Structures are given as structure tokens and as C-alpha cells.
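Everything on this sheet refers to the single structure shown next.
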Amino acid sequence: MKVGQKPSAPPQVASPKFSGTEDGLWQKIFAVLFGAFLGLSLLKFGNPPIMEEWVTKPQGFFEIIFVFPWPIEWAYALLIIVAVVGVAAGRWNHNAPKWLFALPLLWFVWEFVAGTQSADWSLSKATLMHFAGCAACFYLGAFSLSGIRKTGLFWTGIICGFFLVLATGFEQHFGGLKETREYFFTYIYPQMKKVPPGYLQKMTGERIFGTLFYPNTLAGAILLLLPPILAILWGLRERFTAGARRLMVGIVAVAGLSCLFWSGSKGGWLLALLLGLIVLLRLKFRRVVKFGLIAGVLVIGLAGFFARHLGYFHRGATSVNARFDYWRAAVQTTKDSPIFGTGPGTFFIAYERVRSTNSEPARLTHNDYLEQASDSGIPGLLLYAGFVVGSLAWIARSKDFLSDWRNFAIWLGVLGWALQSLVEFALYIPALSWSAFAFLGLMAGKAKS
């Protein structure tokens, strides 16, 4: 690049090419239903299934629309309908290796085997049904969604759901959270016989959580969905001018990053910084300009991080210390039960046996990979980690990966989800894991080896 020359713009989003006919009626119906289902999951199915006992069925039209979450059984009924349509819409053509498509099934089978040795079958049953949903979303993405030429109908539902999540986050930040807290302690809390774990902390804090389980779950949704949504909006060349697309992308980016900041998620902010650096490394700038941008992003991002969380570190980083206690317990449980673990979703029981007296009870490990080892033994860990890491690695080596910005953005979002799983329980949130598995299936089905 010559001195004074403007940096080259990001390459245009390549349109995937498929052999065969145009999308038929079944393909279009499936794309609408699957996208709407995943978008609805962001609004109504953002709780871990093992905490379903605290979810009450909404009564009447108003509660169905405006109250969240919904019972997880409703999600399974909807997913069955989507799956039936997906089978009718499937084209069953793919280029990914067989091991990639076999691993989710093998992982689920092993989870079921581990569940037969469970310390609490009710917890394992709820978790296994959720894992079945994860596997179903992957195969629907791989064999049904990946064969669709135009996926705009699919993304419409997800984008609408994501925008409503951000709108709820804005409403909470600008007064809604305070009003909800006052209503809760005035009318609801006095009538409650049992309070869900961590709920009081969520209601008394100032961190927003949108429609999801708690603030870090909102951060996970932003990490997973913001990159592909920005790429999709930027790729709407036939509908909007370049100026209009820049405006849309800018508004959505600012809204998403604002909600991430207000969520107070320390890991989420650092991961967003990492994903941003990966994007900068991929852009075609002069080396000096690129390194300057990377340095600027690092300085601003880290400065914002420490300014936001300096008081937290002065108080001793209590949540970090708690996580180390969870992880220590998971490792100890794995040593005690290295083959089958204690059963899917049963970390709470295993943790009660080994936790220190000063630590609070925990339902989940805050590390999906260690939880796999604790709940379903080393085979469960290897199968799950092998699927996630292997899929991301194989997709990154596919032929269209560097030339297709939309595919890269989807991959980037799933990478953020997978990395957050090192410090959170993103796998156990249907709204996050079902979308992540669907995206992995979509990319695996479209990628060219």
C-alpha cells in the first residue's frame, strides 16, 4: 500500500454457492421457524434447565408476552415442530468430515450413559433434555439450514430477539431495574417461600441482565450474536446505501457494547476486546497502521476495564476466588469419579461434599469444560471439548473462511461463546447454547474442505 493511500475496506460478504434448485417452500418455512425459535429463546428461555423449579407458568396473554422466562417444556415442544419442518426442508449435503458430525451424537450418548449413574436423576434428566436440544440444533443447522441459499429469513428472527434483549437492557439501565426492584420487594418477595439462588443479588445490584438469567449471561449473548449481526447488516447492499449501513452498524455496535459495559461482566469485556483485536488482525491495513490501531484498542479497552472494576479488585475479587473454589471442587470430583462423574447437571451435589465452609453453594461450575469432567467424567470432557475445539479449528481451515466475512463473523461469535465457557456456564443456558450449536452446524454444513 502506498503512503497516503486509504486503508482497504473489508471485503464484501461472499454469498455462499450451492448446487441445486432455489430455496423451496419448506426451506423458507424452516428458515423462518428456526430463526424465530432461536430469537424467542433469547427472550423466554434464558435460564438453566436445572433451575426450572423456580419458573412459574405465565397466566393470561399479558404474562405470556411480557413475563420471562417461560417453562422449558414449551421450548421442547416448539423445537420438535421446528425439527419436523427441518427434516422436510433438509438437503443432506455437506463437506465436513464425518468425525465432526459424529461427535455431538457420541457426546450426547455418553451423557446419557453417565446419567444412568447419576447422583440425582431429576437434575440429570433436565440436563439431558437440554443437551438433546443442543444436538438437535447442531444437526438442524448442518443438514437443513446449511442447504438454504438465502438465510435472511433465518437471521431476521434472531436479530429481532437480540434487539429486544438490548432494548430491555437499556430500559433496565435507565430506571427500569430500580422500578422492578421496588416492585419485587414490595409485592413479590414477602410472598415468596423460597428464593432462587443468586436472585436477591441480581435484584439488589445495578448490573443489567436483559431478558437472560443474570448479567454474565447477557454478556455471553452479546459476544455470541453481535459479530454475525453486524456482518449481516453490513452485507445488506441490495437494500441500503453504504451510508445507511454504516449508520445501522454503528448504532447496533454502540448499543451492544453499552449493554456489555452496563452488565458489569469483567470476562465479557476482556473477551470482547480479544475478539476486536482478532478482527483488526484480519483487516488489510498497513502494518504500522494496524499495530497502531491494536495498541489504541488495547489501551482504551483496558483503561475502561480497570476504571469500571477498580473497586472490585480493591474488595478482593470475590467472584474470582469463588470460581477457583468451584474449579477445585470439579477437579476433585473428577479424580473421585473419572469415568462417569456424578451425572449431568449434578455439580451442586458434588460441590456440597467438598466445598469449604466459607464458600456459598453453587449450582454450576462456572466452567463448562470442568463441569463436563465433573458431571460425566473424562470421556464427557474429551468428547465435548473435542467437538467445540475441533469444529472451530476445522472451519477456520476451510477454503471460504478468509474470503467470507459473514462466515468469519459467525465463527468469531461462537469463539467468544466457547471462550466464555472457560469462566461461565454458557453451555447450560438454552438461549446461548442452542444458537451456538446451530451456528456450528450451519458453518460445518457450508464450509468447503
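If you go through the range 151-160 and pick out every residue that is open to solvent by 30 Å² or more (accessible area, probe 1.4 Å) and more than 17 Å from the chain's Cα centre (by Cα), you end up with 3. Filtering the range 152-202 to residues that are at pLDDT below 90 and of a type in the set (V, I, T) leaves T180, T186, I188, V195. Contact annotation: no residue pair with Cβ atoms under 9 Å, 6 or more positions apart or on different chains, pairs a residue in the range 319-339 that is on the phi > 0 side of the Ramachandran plot with a partner that is small (G, A, S).
Residue count for the range 384-399 under the criterion of being open to solvent by 40 Å² or more (accessible area, probe 1.4 Å) and in contact (Cβ under 8 Å) with a residue 24 or more places away in the chain: the result is 3. Of all residues being part of a loop (DSSP other than H, G, I, E, B) and within 26 Å of F324 (Cα to Cα) in the range 400-439, which is most open to solvent (accessible area, probe 1.4 Å)? Just the residue, please. Per the stated criteria, the residue is L422.
Restricting the range 32-68 to residues that are β-branched (V, I, T) and in a helix (DSSP H, G or I) leaves a set whose member that is surrounded by the most Cβ atoms within 10 Å (Cβ to Cβ) is I50.
Considering the conditions (1) open to solvent by 10 Å² or more (accessible area, probe 1.4 Å); (2) modelled with pLDDT of 95 or more, Q117 is excluded by exactly one of them, (2). Only residues that are among the hydroxyl-bearing types (S, T, Y) and not in a helix (DSSP H, G or I) were counted in the range 315-354, giving 3.
Residues that are charged (D, E, K, R) and over 19 Å from I80 (Cα atoms) within the range 23-67 comprise D23, E52, E53, K57, E63, listed in sequence order. Among the residues of the range 107-133, those that are in a helix (DSSP H, G or I) and of a type in the set (V, I, T) comprise V109, V113, T127.
Taking the stated definitions as given, is T357 open to solvent by less than 10 Å² (accessible area, probe 1.4 Å) and not in a helix (DSSP H, G or I)? Taking the combined requirement at face value, the residue does not satisfy it.
A count restricted to the range 129-150 and to residues that are open to solvent by less than 10 Å² (accessible area, probe 1.4 Å) and over 17 Å from the mean Cα position of the chain (by Cα) stands at 6. Outside any helix (DSSP H, G or I), at pLDDT 90 or above and within 22 Å of Q420 (Cα to Cα) - does that describe any residue in the range 219-239? Within the range 219-239, none of the residues are outside any helix (DSSP H, G or I), at pLDDT 90 or above and within 22 Å of Q420 (Cα to Cα). When F285 is tested against (1) open to solvent by less than 80 Å² (accessible area, probe 1.4 Å); (2) assigned to a helix (DSSP H, G or I); (3) modelled with pLDDT under 90; (4) not aliphatic (A, V, I, L, M), only condition (2) is not met.
Considering only residues that are open to solvent by less than 10 Å² (accessible area, probe 1.4 Å) and either without any contact (Cβ under 8 Å) to a residue 12 or more places away in the chain or under 16 Å from M203 (Cα atoms) (or both), which ones fall in the range 161-178? Listed by number, the residues that qualify are G169, G176, L177.
With respect to the conditions (1) among the polar types (S, T, N, Q); (2) in contact (Cβ under 8 Å) with a residue 60 or more places away in the chain; (3) out of contact with any helix residue (DSSP H, G or I) (no Cβ under 9 Å at 6 or more places or on another chain), S263 lacks only one, and its number is (3).
The values are calculated or read from the model by the stated rules, or taken from the named source; none is laboratory data. If you're wondering where the values come from, they're calculated on a predicted model, not measured in any experiment. Please note: Cβ atoms are built from the backbone with ideal geometry, for glycine as well, and neighbour counts cover all protein chains shown. The accessibility values were calculated without ligands, DNA or RNA, using every heavy atom of the protein model including side chains. Shrake-Rupley method; radii C 1.70, N 1.55, O 1.52, S 1.80 Å.
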